[in-house]
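Participant: Dropping a structure here in structure tokens format, bear with me for questions.
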Amino acid sequence: ALLDPAWRSAEPARADAIARLARTLRDSTDAARIDTKALVRHTTTLERSINGFSPVAAASDEVAAEAAAKVARFTELVDVEYGRGVRDGAVSMQLEIQEARSFLRGALDAWSTLEPVAVRRDADGAQRTARALEALDALIVRAETTPDDVADTADVTRAKDQVRSTLERTVPADW
């Protein structure tokens, strides 16, 4: 459905890039021995490519306000779940890391709706917020790919706080 003709006509170059990444992901799972790190890396790359893939920008301030609230709400839960899943520099409960990923995915999905409006209002602030989300994502990716050597929970909390701070400075207070 993502790559049907309506999507392709909206952003053909991006649709082609996503199709190539999907093939790479499929090929990663076809190997006799699955390279888990490569699979996670390709999956993350595919997710990042899909995020923001929309032929229609956020249509109204109301939609953007809802998206901003979701970014804030979901981001606040990332470090909570991460903290429950990490002990002594290693993943102790994989399920909690998966939940942190799920909340971050929700925040990233909401950001893909909000970003076009945020860019129009404050391009620099939108870029700072996107970078803060990417930094938080990198910490979760690290936990997913190197579970025996993960970021400290304080680092994840600081990254989450940076997302909140940049978002608050980027979008109107009444959102």
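Coordinate-derived values only; no laboratory data. Given the structure is predicted, the values throughout are model-derived calculations rather than measurements.
Participant: Can you work out ³J(HN,Hα) from phi for every residue in the stretch 130-146, in order, using Karplus 6.51 cos²θ - 1.76 cosθ + 1.60 and θ = phi - 60°, giving whole Hz and x for Gly and Pro?
Facilitator: Each residue's phi maps through the Karplus curve to give 4, 5, 5, 5, 5, 5, 5, 4, 4, 5, 6, 4, 4, 5, 6, 9, 10 Hz.
Participant: Can you tell me how much longer the chain between Ser102 and Asp149 gets when fully stretched, taken as 0.36 nm per residue apart minus their C-alpha distance, in nm with one decimal? Could the numbers behind the result be given before it?
Facilitator: Values: separation 47, 0.36 × 47 = 16.92 nm, distance 2.08 nm.
Stretched fully, the Ser102-Asp149 segment lengthens by 14.8 nm.
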